[in-house]
Amino acid sequence: DSDLRTAERMGAGEDGGYDDHFTINGELAGRPAGRWLGGLLGVLTVVVIAAGSWLVWQYFEGELPFWPLQKTPGTVATTAQIEAGSDQDAAGVILSEDDLEAAVSAAVEALSADENEGTTPSVESSTKVEPPLAPAASSAPATALKDVTWEMVDGGTLVVIRGDGLFDRARVRDDGLSAPPRILIRLRDIRVSYRPLEIPVGSPEINLIRLGHHPEKTPPSMWVVFDLTDAGARVQSISTENDLVKILVGTS
């Protein structure tokens, strides 16, 4: 019968046994089985290559939660955070392209500024700030009084007369008067009157200062009278300094 399948042991092996090949209608059963095994191995190879490619792609995309060597997702840092000196670990920072360019530009500018700092003098270091100067007195002779002040000093009472211009000693004359005791100071070439006409003092030497303008004199003069508290008080010194006349009245 052609459909009758028989199997018989084929030739003895070297060890005296038999090969495990069977024949089906005279054909070795092992040959088609080898072709099936080769095809299966080819399919498995393709599957393994595809799976490996997928794993590699997923690794570089950082989407493998179970992969021990996957990349740790970083935090995109802005230029402002970098310039502010964030305490974030640098290993976890990923810069965008724009922020990276801005950071590099800022670093180059800072380096250039540091190099030029030692050669280019700053405005602050090269500019010397001068203290404000006191207003200078007019170079013209004084023609009016601006103020009359007094103070007690060692040696008596100091009266200071300030004009609107320069005084020289030749323009100042002093005279002693009695009944009552007074001192008369005449300032020549003063063409404008002065107010107030009386200045209370009350010091041990001077009781009152009185002023009077005499435009009828040639030249016009301002008379300054010291009404004395002590009849023994005298002019100790008279000096001029720019727009000032200083008169010291004492008893020594």
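The values are calculated or read from the model by the stated rules, or taken from the named source; none is laboratory data. Quick caveat, the model's predicted, so the values are computed rather than measured. Glycine gets a Cβ as well: all are built from the backbone with ideal geometry, and neighbour counts include every protein chain shown. To get the accessible areas, we keep the full protein, side chains included, count just its heavy atoms, and leave off ligands, DNA and RNA. Shrake-Rupley method; radii C 1.70, N 1.55, O 1.52, S 1.80 Å.
Numbers below:
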read-out: Boolean, S252 is among the hydroxyl-bearing types (S, T, Y) and open to solvent by less than 60 Å² (accessible area, probe 1.4 Å); value: no
read-out: Any hit, region 205-219, residues being of a type in the set (G, A, S) and either under 20 Å from A140 (Cβ atoms) or in contact with a Leu (Cβ under 6 Å, 6 or more places away or on another chain) (or both); value: no
read-out: Subset of region 190-200 (residues that are of a type outside the set (S, T, Y), touching a strand residue (DSSP E or B) at 6+ places or on another chain (Cβ under 6 Å) and either buried (at least 18 other Cβ atoms within 10 Å of the Cβ) or within 20 Å of D168 (Cβ to Cβ) (or both)); value: I190
read-out: Test: residue in region 149-167 that is under 27 Å from T218 (Cβ atoms), assigned to a strand (DSSP E or B) and either free of Cβ contacts under 8 Å to residues at least 60 places away in the same chain or over 53 Å from the mean Cα position of the chain (by Cα) (or both); value: no
read-out: Strands (runs of 3 or more DSSP E) (entirely within region 213-252) containing at least 2 residues that are under 56 Å from the mean Cα position of the chain (by Cα); value: 234-241, 244-250
read-out: Qualifying positions in region 188-206 - at negative phi and assigned to a loop (DSSP other than H, G, I, E, B); value: I190, R191, V192, S193, Y194, R195, P196, L197, V201, S203, P204, E205
read-out: Near pairs, Cβ below 7 angstrom, 6+ apart or cross-chain, from region 216-245 (at positive phi) to any residue that is charged (D, E, K, R) and in a strand (DSSP E or B); value: none
read-out: Any hit, region 230-246, residues being within 14 Å of T149 (Cα to Cα) and open to solvent by less than 20 Å² (accessible area, probe 1.4 Å); value: yes
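To keep it simple, each residue is scored yes or no on (1) modelled with pLDDT of 95 or more; (2) touching a Lys or Arg at 6+ places or on another chain (Cβ under 8 Å).
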| position | (1), (2) |
| --- | --- |
| R162 | yes, yes |
| F167 | yes, no |
| G176 | no, yes |
| R188 | yes, yes |
| L197 | yes, yes |
| V201 | yes, no |
| H214 | yes, no |
| S221 | yes, yes |
| V225 | yes, yes |
